[in-house]
Amino acid sequence: MAFSTSGLRRSRALAVLPAVVLLGTATLAGCAAPGASAAGNASGGAQTTAARNGVVYNTSPDQQRIRAGKDPALAAKVPALIGKDGKLTIATTAGSIPLSFHATDDKTPIGSELDIAQLVADKLGLELDVQVTSWENWPLKTQSGDFEAVFSNVGVNKDRVKLFDFASYRAAYMGFEAKKSATYDIKGADDISGLKVSVGSGTNQEKILLAWNKELESKGKPPATLQYYSSDADTILALSSGRTDLNIAPYPSTVYRENTRDDLKVVGKVNAGWPSETLVAATTLRGNGLAPVISEALNSVIKDGSYGKVLERWGLSEEALPESKTITQENFAAAQATATPAPSGKAS
């Protein structure tokens, strides 16, 4: 989709922090590996994939998204500088199927994150303007005003709330996956001792594994060997060929592969905020007034059922939240204490 940014949008941005500060916060993300491609999304292949969990995934550019009606009262609450151009400009990384990835035309961004963003834009009476960016670039570009919100499996954490406000919309888990013949049951540090584990650099997955390795070393046990690959496709090839023992990735992606491939399975699940709880949320510039409006829009589509239909469409019903909450630096501690998804979404 075409990208346009007005001078007004840029003028409202806060002073941009040094890149090193923002990239530092990115290491705490509940996110897909930066730059990852959607493994299993074969270009030019079938337009739908029937999975064993009963979901038929539409991977074509023609998404026929579930839509919501405009709520005039909510539309009136959109900050003037954001709503002036009639668009909600959002960023996504298009790097993790089924959350956000490219369709079979290799250029159209699709997935559950985009569907949820569409519902929000509909409720606010705005046109959805989707911009694909790399993981490391969204913080700076959101600060500069290029992006008004980020829908890309972003986890809320104590560093991010210093720069951004959030509107929660999904539970945040990471999954461990292995070859179908494996007997692993990953619940904590002891279970990865001595194994080769693939992980995305600069992700929350990596942060968890580094902490677990530190725990193993303190016990005198062999740490896991972390392995890094340039794309999701390379990562999964290494796993399926036995060059790695485990891969840790966003839980929805591991479930997708378990249900659409014959050689992989999920062998563990951990909260993306380990050792604390966290949630996935729409991310906006701190203090610009948009996050509370997005939360209201999300609660409206939760109530009318369209939110649930989107998650069901992508096989993500177990990560549904009963309500969206606005999370800021001021209420982060209290929100973290109550970051509990619906019962079916609890970690195993």
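Give the share of C-alpha pairs in each 5 angstrom bin for the range 84-165, from 0 to the last occupied bin, in whole percents, shortest bins first.
Bin by bin from 0 Å, the calculated values are 3, 15, 25, 24, 21, 10, 2, 0.
How large is ³J(HN,Hα) for each residue in the range 274-290, as worked out from phi by the Karplus curve 6.51 cos²θ - 1.76 cosθ + 1.60 (θ = phi - 60°), to whole Hz, x for Gly and Pro?
Computed from phi, the couplings for the range 274-290 are 2, x, 9, 9, 8, 9, 7, 8, 5, 10, 10, 5, 4, x, 8, x, 7 Hz.
Quick one: Karplus J couplings for the range 233-244, per residue in order, coefficients 6.51, -1.76, 1.60, θ = phi - 60°, nearest Hz, x for Gly and Pro?
4, 5, 4, 5, 5, 5, 5, 5, 8, x, 6, 10
Among Glu148, Glu206, Glu215, what's the order by accessible area (1.4 angstrom probe), most exposed first?
My answer, sorted largest first, is Glu215, Glu206, Glu148.
About the Cα centre of the range 206-262, how large is the charge dipole given +1 on each Lys and Arg Cβ and -1 on each Asp and Glu Cβ? Please answer in debye to the nearest 20.
180
Using a Förster radius of 30 Å, what is the FRET efficiency between Ser276 and Ser134 based on their Cβ-Cβ separation? Nearest 0.05, please.
It comes out at approximately 0.65.
Would you pull out the residues with amide H under 5 Å of Lys87's amide H, same chain only if 5 or more places away, H placed 1.01 Å from N?
Those qualifying (amide H under 5 Å, at least 5 residues apart or on another chain) are Glu127.
With 24 Å as the limit, write out which pairs from Lys219/Lys265; Lys303/Lys325; Lys107/Lys325 have Cα-Cα distances beyond it, or answer none.
Details: Lys219/Lys265 29 Å; Lys303/Lys325 14 Å; Lys107/Lys325 32 Å.
Where the Cα-Cα span goes over 24 Å, the pairs concerned are Lys219/Lys265; Lys107/Lys325.
The values are calculated or read from the model by the stated rules, or taken from the named source; none is laboratory data. Keep in mind that what you see is a predicted model, and the values were worked out from it rather than measured. Ideal geometry is used to build each Cβ from the backbone, glycine not excepted, and the neighbour counts take in all protein chains shown. Areas reflect the complete protein model, heavy atoms only, side chains present, ligands, DNA and RNA absent. Shrake-Rupley method; radii C 1.70, N 1.55, O 1.52, S 1.80 Å.
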